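Bear in mind that the values in this text are calculations on the coordinates, not laboratory data. Just so you know, these numbers come straight off a predicted model, no measurement behind them. Cβ placement follows ideal geometry from the backbone for every residue including glycine, while neighbour counts extend to all protein chains displayed.
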Amino acid sequence: MEQLTSVASWRAFARDARDRGATVGLVPTMGALHEGHVSLMERAQRDCDVVIATVFVNPRQFNDPEDLRRYPRPLSDDLARCAALSIDAVATPSTEEMWPAYPGATATTISVSGLSDDFEGAGRPGHFDGVASVVAKLFTITGPCVAYFGEKDFQQLAVVRQMVSDLAFDVTVIGCSIVRESSGLALSSRNVRLSDEGRVVATGFSRALQLVNDGTPRDADAVRRDARAVLYDAGIDVAYADVVEPATLRRRRADEEGESRLLLAGFVDGVRLLDNGTVRVHAAKGATNVVGH
Ligand code: PAF
């Protein structure tokens, strides 16, 4: 496995692979790798000839300097994990090379309006501009055929897909299912900051997802209400519990029917956690304006 510390060596590695006719898979990460990342890398290895992972804690997507400071950075463990998986290369660029102006503003920003505005975007202003800008740069440097993202960051996946479509990046974006602990807790690099008690509290997210899939027909408002109640009872400081149309992230109305996504976010031990899953909403009784069959 090669560690690529400069943009030039990373670009050359990817170009050589493409020149040999190899398909290149990209797995962008911010490190602190867990089984969720491993599932992305293994999928990439099944699909592609050459897999490049990136480990870069992108400061432009953090609106809270304390969150950036406390983000885990176990680089040698991450490299060992990638080597054990026989990943072909891991790019570990420096902030100085990725964003030379940082902490000043970079002149160019990619902003995906609409999809970025609500949910994580509302709670973390500028977050998705930072994500879209760095993902565009990772794509430009690597020139991947396929790129892999986890569904845990469901809104991020929607934003990246929209950017790829709008800017005609020649990349296929694959979303991979959330990986959970046996307790139901969705794996996240942020989980290392949870206390033992916090890990139990955080299982409220997966319990909310189970409850709204218990076979009881619920309209979108009932899904919101019941999910929020589970989070609240678990002791989670709820940021949002909302039901959306999966592709557009448009909020489902109570008179709509169909496959939907329940998006959950909240704080446990002061750590912002996310979860999401599918749910079918049923039109409220007496509703006339039924769409989305
Ligand atoms: O999901 C992440 O880890 C990050 O947001 C990403 C996609 C690597 C961009 O920094």
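Under the simplified labelling scheme, the S177-R207 pair shows an inter-label distance of 2.4 nm, with each label point 7 Å from Cα along Cα→Cβ. Protection proxy ranking for 79-89, 260-270, using the average of other Cβ atoms within 10 Å per residue and placing the highest first: 260-270, 79-89. Extending 7 Å from Cα along the Cβ direction at D67 and again at A22 yields two label points whose distance is 3.6 nm. Across the chain, C-alpha contacts under 8 Å between residues 6 or more apart give a mean separation that, scaled by the residue count, equals a relative contact order of 16 percent.
The stretch between D269 and A168, if pulled fully straight at 0.36 nm per residue, gains 32.3 nm over its current Cα-Cα span. Averaged over residues, the count of other Cβ atoms within 10 Å places the peptides 6-13, 248-255, 273-280, 130-137 in the sequence 130-137, 273-280, 248-255, 6-13, highest first. Counting every C-alpha pair in the stretch 1-71, the share spaced more than 15 angstrom apart comes to 62%.
Stretching S113 away from D226 to a fully extended chain increases their span by 37.7 nm, per 0.36 nm per residue minus the current alpha-carbon distance. By the equivalent-ellipsoid construction on the alpha carbon gyration tensor, the stretch 122-236 comes out with semi-axes of 32, 18, 14 Å, ordered largest to smallest.
With contributions of -39500 (n - 2.57) from each DSSP H run of at least four residues, the per-residue ellipticity at 222 nm computed over the chain stands at -10500 deg cm²/dmol. Along the axis of the charge dipole computed for the stretch 44-176 (Cβ charges of +1 for Lys and Arg, -1 for Asp and Glu, origin at the Cα centre), the listed residues G150, S76, N58 are led at the positive end by S76.
Diagonalising the gyration tensor over the Cα atoms of the chain and scaling each eigenvalue by 5 before taking the square root yields semi-axes of 34, 21, 18 Å, largest first.
Report, for the chain, the % of DSSP beta bridges that are antiparallel, rounded to 5.
Within the chain, antiparallel bridges account for around 50 percent of the total.
Farthest toward the dipole's positive end in the chain, which of G215, A32, V171, given Cβ charges of +1 (Lys, Arg) and -1 (Asp, Glu) about the Cα centre? Toward the positive end, the furthest listed residue is G215. Axis angle, to the nearest 10 degrees, between helix 7-19 and the longest C-alpha principal axis of the chain: 90 degrees. As an exercise, use a Förster radius of 30 Å and the Cβ-Cβ distance of T278 and Q3 to find the FRET efficiency, rounded to the nearest 0.05. With a Förster radius of 30 Å, E is 0.20.
Each Lys and Arg contributes +1 and each Asp and Glu -1, all at the Cβ; summed about the Cα centre of the chain, the dipole is approximately 120 debye.
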